[in-house]
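Beneath this line is the structure, given in C-alpha cells, with notes to follow.
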Amino acid sequence: MEYSNNIKNEGLEEILVIPSLEINDILPFSNKLIKNIEIQDFCNSICQKIQVISKGSADHHPEFRQFVTYSIIKIDNNFYMTLLRKPDSWEERLHNKLTIGIGGHVNSSSCDSTNNQQLFEIIYRSMWREIDEEVNIRKVANLKKEIFLGLLNNDAETDREHIGFVWNLDFACKNIGSIICKEHKLSDLSLFNPEDLKERFNKFESWSQILLKDII
C-alpha cells in the first residue's frame, strides 16, 4: 500500500483509493449489485495498487476511485434501518436523501502502524468503525449474522468515483427504541419493513435504490 506524496493534501481525512485505470478492467461498471465476488481474492488482486491520499485530493482527482463501506442493518428479521442525510452532509448530491447504507470512506485510521494488514481486514475494520461512529447498534443489540453481499460500482456521474463494499448485518434487539443515531450529519433514524421501503423508494439515494431492488 502506497502513501502518495505526489498529490497535495487538500483535506484532513486520508482515505484508500485505487487508480481508475487499475480497476476498470477488473471490475466493470454495473447498475446492479455485483454479487458472487470472492472478496478475499478480489482484495488480494488489487492490494498492491492501493494508495492513501487525502479525501480532499481524491475529490479533485477523479482518476482515483474511493473505497466506501456500505452496510444494511436489519433488525429482528423484519425491519431495515434508514437514515436521512442532512443538508450539511459531505456530499451535496446526497442532501436530504434517505439511505439504507451505514458507512463511509475506508481511511488510514483502520490501518495498523506496521502497514502489514490484508486489504480485506482494513476494509472490514473500517466497516465496523463507521457503524460505531454513526449508530449505537452494537451496544443495544446482538449481532446474529453478517454476510458480505457484493460490490457497488455503477457509472452514474455522481457515483463513478466510488466503489462500495456492501454488507448485510442482522441484529436482534429487545428494545428498538434504544437505537440512536450518533452522527450529526444524519438524522431521522427509522426502522421500516420492505413494504414501507417500497413506498419511499424515490426518496433514497442511488446506491440504496440499487440495493432496495433486491430487497423489495
Checklist line | Those residues of region 181-204 which are in a loop (DSSP other than H, G, I, E, B), farther than 20 Å from residue 170 by Cα and modelled with pLDDT of 95 or more, in sequence order | finding: 200
Checklist line | Tally of residues being in a helix (DSSP H, G or I), touching a Leu at 6+ places or on another chain (Cβ under 9 Å) and of a type in the set (S, T, N, Q) across region 41-57 | finding: 1
Notebook entry, point to check: Does region 19-30 include one or more residues that are surrounded by 15 or more Cβ atoms within 10 Å (Cβ to Cβ), modelled with pLDDT of 95 or more and of a type in the set (A, V, I, L, M)?
Noted result: no
Next item on the list: Kindly check whether there is at least one residue in region 124-136 that is surrounded by fewer than 19 Cβ atoms within 10 Å (Cβ to Cβ), touching a residue at least 12 places away in the same chain (Cβ under 8 Å) and farther than 30 Å from residue 48 by Cα.
Entry: yes
Item checked: From the options 146, 121, residue that is free of Cβ contacts under 8 Å to residues at least 12 places away in the same chain and either part of a loop (DSSP other than H, G, I, E, B) or not small (Gly, Ala, Ser) (or both) -> 121
Next item on the list: Could you run through region 59-78 and say how many residues are more than 19 Å from residue 132 (Cα to Cα), surrounded by 15 or more Cβ atoms within 10 Å (Cβ to Cβ) and at pLDDT 90 or above?
Entry: 3
Note to self: If I go through region 154-174 residue by residue, how many of them are modelled with pLDDT of 95 or more and either within 15 Å of the chain's Cα centre (by Cα) or part of a loop (DSSP other than H, G, I, E, B) (or both)?
What the structure shows: 8
Checklist line | Checklist (1) at pLDDT below 95; (2) within 24 Å of residue 206 (Cα to Cα) applied to residue 134, failing item | finding: (1)
Next item on the list: For region 170-210, enumerate the residues that are closer than 26 Å to residue 29 by Cβ and surrounded by 18 or more Cβ atoms within 10 Å (Cβ to Cβ).
Entry: 197, 204, 205, 207, 208, 210
Checklist line | residue 151 vs. criteria over 30 Å from residue 21 (Cβ atoms), touching a strand residue (DSSP E or B) at 6+ places or on another chain (Cβ under 9 Å) and modelled with pLDDT of 95 or more | finding: no
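The values are calculated or read from the model by the stated rules, or taken from the named source; none is laboratory data. Since this is a predicted model, take the numbers as computed values, not measurements. Cβ: placed from backbone, ideal geometry, glycine included. Neighbour counts: every protein chain shown.
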